[in-house]
Every structure is written in structure tokens, then in C-alpha cells.
Amino acid sequence: VSGVELILGKLFNEIGFNQIKEPLFRHLVLSRICYPGSKLKTVEYLIRDHQLFYEIDAVYRYLDKVNSKYKGLLQDISYQHTLRLFDGQISVVFYDVTTLYFEASDEDDLRRIGFSKDGKNQNPQIVLGLLVSTQGYPLAFEMFEGNKFEGQTMLPVIEKFKARYNLQQIVIIADAGLLSHENIEALCGLRYKFILGARIKNEPKSLQQQLLSYTWSNGQTHTINKEDGVRLIVSYSEVRAYNDNKDREMGLRRLEKSVQRGKLTKKHINNRGYNKYLQLNGEVAVSIDYEKINQDKKWDGLKGYITNTEMAPTDVIDNYKQLWHIEKAFRISKTDLRIRPIYHRLAHRIQAHLIIAFCSYKLYK
């Protein structure tokens, strides 16, 4: 118990979160790391391990205060601390989204059924957009309706962040899920620099043929200039080629077993995962399209990046690779900090829960 305060408490103060004077805020943030769970479980933990007595209703009322008074201040504290870590300059930011589900079955204006990244498609959820710095320090977050398309979440978060801190120029890095013609047009129109994962198989046929005509060697890149100063950079990696082939073979084995057992029907024919290799023969028979698999093999090891920066191809790729930090942030939040499932129902309580989790992740990081 004393170790929690000696170590985490010291870091809590170093970041500056002790500007919030109420002791309950400190307990909620530290408990989210040491004993994550529902607010009821947190109250039990504080009584049992720390001899701190809080009524659950008092905790809920305090969450309302955190949401109404402290979200902006806590983001500012976190931002200023991160700024000090990077000698007063943040020029590159990383954006991604995830989904957080609720155990309740009822939908409302915020908690909606949508595409779940946790495989909980039957549960209402929210979409969480997170912005982090180099090395994965959290900068800002926003929550959206559970059925909102992830590509529409990026610009509102970044615009709000840029305006709040009066930033002149930042490079935005995001994966292919955020890539859309509308997003690229908007980013260019607002004069943002960006690096986005590219979907090279969606490029025009002539460009696809051009890419497949090259003889690729490990680490090699090719650059293709597009309109408005945008470049498509494509790289080849032997390790990626090995993993692409290995993953496809594993997925194919699972598909073949399901086909043999007769478990697949017309409803399974979609573009999710390796189901894209399925085809319908006649009215009822489902089989695997091996020609499609052979076509896919040609792309093993290739990855594309869309950018309007002046960076060298190797710098573009090195910066993009840092997206794993934000993926790790989501993984830590969902496992170590257990921010889902969410048990709150009211939007302002859900937001307060995310604020506590944001501060806990900052402290964890």
C-alpha cells in the first residue's frame, strides 16, 4: 500500500495532477492502475486496502465534477508534461480509434451498436478517438457515437487539439482505416502534413500493374507522385512477406476445415478477414476461390504510405512504424486498466470514466 503512494504518487505529483486538490481524484487514478474495476469495486478496494471510506454515490457525484470542471485542465497538465519530455516541441502526432462496449443491451443517442473491434457486435458501444505523441504519450481524446464511421472522427479531434494549443504545423500519422478521399482532401485543404497507411490494392489498375511489375528486394522503396503534392511510397520487406504468407496459410486452413464441415453458408461470403476468399457455387454450395488467393500472394511483403510531407521515404516509413505505440495504448487500456466493459449509462459519467482512464494511462506510461 505504501509502495503505491511512494512510486505512483510521486509520479502523479511530477506530472502535475496534484493540481487537483481533492484526494478522491488521486485515489481514482491510482486505483485504476493497481486495482482496476467498476467504481463499486474501487470503493471496496479503498476501504479494504487503504482504510479510506467513500460512499458510492459520493464517487458518482465526484465523477460529475471531474467531467464538468477538470477535463480541459487535466489534458493541459498532461500536454505540458509531455511537452517538457520533448524539449518544448511536439511536431508529430498519431491518431487512431477503438471501440468500447457496454454490458447493457439498450441503445441510446451515444451508445449504439456498430462495428466492434472487440468482436462484441451485439453490444452497444462508443467509439474512442485517441491522439498520442511520439513514444505514445496521450495528448487528447474524444468519444463518439458507437455507429460513427471512424474516418469521420479524426479531423474533429485534431482541429480541437491544434486550436487549443495554437499549434502552427504538425504532421498527422494514422493507419489505413482513416484513409479516405474526403479525409485527404480535408487535410490538404487545412494545410496539414500527413502520413497515412495506403490501400495499394484499391489503387487504379494501371498503378497496381506498375507496382507488380517491379522486381522487389528487401528494404527497397518506390515512390509514385500523385496530385496536389501527395506521394504514394511503397516498400518491400522479406519479414512482412513471410508473415503475410504465414497468416494467409493459417486463415486458409481454418476456412478449408469449415468448408469441409459444411459450416459456411451464403451469409459468410463477405470481405471480413479471410472470408473474402469464399465464393458461391450455384445456389447453395460455398467453396474457396484459390485463384483469388494466388492473386493476393503477389502483394506479399508490400506496404504503401500516402504522404504530402517532404520527408525521405525511409523517414516516412520510420515515423509510420511508431503507430504501434497507440495500438499498445489501447491494449494497455483494455487489459491492464480494464476500461471496458463500461458500466455507466449517462454520457457525462462515461466521459468522466474516460478522463480517469486517460490520466491513469498517462501515469502508467
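The values are calculated or read from the model by the stated rules, or taken from the named source; none is laboratory data. Worth saying up front: this structure is predicted, and the values here are computed from it rather than measured. Neighbour counts run over all protein chains shown; Cβ positions are idealised from the backbone, glycine included. Keep in mind that these areas ignore ligands, DNA and RNA; they rest on the heavy atoms of the full protein, side chains included. Shrake-Rupley method; radii C 1.70, N 1.55, O 1.52, S 1.80 Å.
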Long-range neighbours under 9 Å by Cβ, at least six apart or interchain, first residue closer than 15 Å to G72 by Cα within the range 142-164, second among the polar types (S, T, N, Q): E142/T153; M143/Q351; F161/Q75; K162/Q168; R164/Q75
Scope the range 168-190; condition outside any helix (DSSP H, G or I) and either within 19 Å of Q135 (Cα to Cα) or touching a residue at least 40 places away in the same chain (Cβ under 8 Å) (or both); matching residues: Q169, I170, V171, I172, I173, A174, D175, L179
Filter pass, L100 being on the phi < 0 side of the Ramachandran plot and either in a helix (DSSP H, G or I) or surrounded by fewer than 19 Cβ atoms within 10 Å (Cβ to Cβ) (or both): no
Members of the range 317-337 that are in contact (Cβ under 8 Å) with a residue 12 or more places away in the chain and among the acidic types (D, E): E327, D336
Search result, residues across the range 28-43 that are open to solvent by less than 40 Å² (accessible area, probe 1.4 Å) and part of a helix (DSSP H, G or I): L28, V29, L30, S31, R32, I33, K39, T42, V43
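Answer yes or no: is there a residue in the range 185-192 that is under 18 Å from the mean Cα position of the chain (by Cα) and either under 22 Å from L85 (Cα atoms) or not basic (K, R) (or both).
Among the residues of the range 185-192, not one is under 18 Å from the mean Cα position of the chain (by Cα) and either under 22 Å from L85 (Cα atoms) or not basic (K, R) (or both), which makes the answer no.
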Evaluation of D228 against (1) part of a helix (DSSP H, G or I); (2) under 22 Å from the mean Cα position of the chain (by Cα) (one fails), failing number: (2)
Residues located in the range 57-97, provided they are touching a Leu at 6+ places or on another chain (Cβ under 9 Å) and loosely packed, with under 13 Cβ neighbours inside 10 Å: A58, Q89
The range 14-27, subset charged (D, E, K, R) and over 19 Å from Y45 (Cα atoms), residue surrounded by the most Cβ atoms within 10 Å (Cβ to Cβ): E14
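Here's the yes/no breakdown for (1) under 20 Å from T307 (Cα atoms); (2) modelled with pLDDT of 95 or more; (3) among the aromatic types (F, W, Y):
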position: T215; (1), (2), (3): no, no, no
position: N225; (1), (2), (3): yes, no, no
position: D228; (1), (2), (3): yes, no, no
position: S235; (1), (2), (3): yes, yes, no
position: E238; (1), (2), (3): no, yes, no
position: Y242; (1), (2), (3): no, yes, yes
position: D247; (1), (2), (3): no, no, no
position: L252; (1), (2), (3): no, no, no
position: L255; (1), (2), (3): no, no, no
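Using the structure shown, decide if L46 is open to solvent by 50 Å² or more (accessible area, probe 1.4 Å) and over 28 Å from the mean Cα position of the chain (by Cα).
For L46, the condition - open to solvent by 50 Å² or more (accessible area, probe 1.4 Å) and over 28 Å from the mean Cα position of the chain (by Cα) - is not met.
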Qualifying residues in the range 149-190 (those that are within 15 Å of I326 (Cβ to Cβ) and either aromatic (F, W, Y) or in contact with a Lys or Arg (Cβ under 6 Å, 6 or more places away or on another chain) (or both)) - the one surrounded by the most Cβ atoms within 10 Å (Cβ to Cβ): F161
In the range 1-13, the residues that are in contact (Cβ under 8 Å) with a residue 40 or more places away in the chain and open to solvent by 10 Å² or more (accessible area, probe 1.4 Å): V1, L8, L11
Lone qualifier among R349, R340 - being touching a residue at least 60 places away in the same chain (Cβ under 8 Å), open to solvent by 20 Å² or more (accessible area, probe 1.4 Å) and part of a loop (DSSP other than H, G, I, E, B): R340
Hits in the range 191-221 - residues which are open to solvent by 20 Å² or more (accessible area, probe 1.4 Å), assigned to a strand (DSSP E or B) and under 15 Å from I173 (Cα atoms): K193
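Working only within the range 108-167, note down all residues that are β-branched (V, I, T), at pLDDT 80 or above and in a loop (DSSP other than H, G, I, E, B). Quick ask: steps written out before the conclusion?
Here is the first cut: in the range 108-167, the residues β-branched (V, I, T) are 113, 126-127, 132, 134, 153, 157-158.
Now restrict to residues that are at pLDDT 80 or above: 126-127, 132, 134, 153, 157-158.
Answer for the range 108-167, where residues must be β-branched (V, I, T), at pLDDT 80 or above and in a loop (DSSP other than H, G, I, E, B): just T153.
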Single residue of N275, N294, N271 found to be at pLDDT below 70 and loosely packed, with under 11 Cβ neighbours inside 10 Å: N271
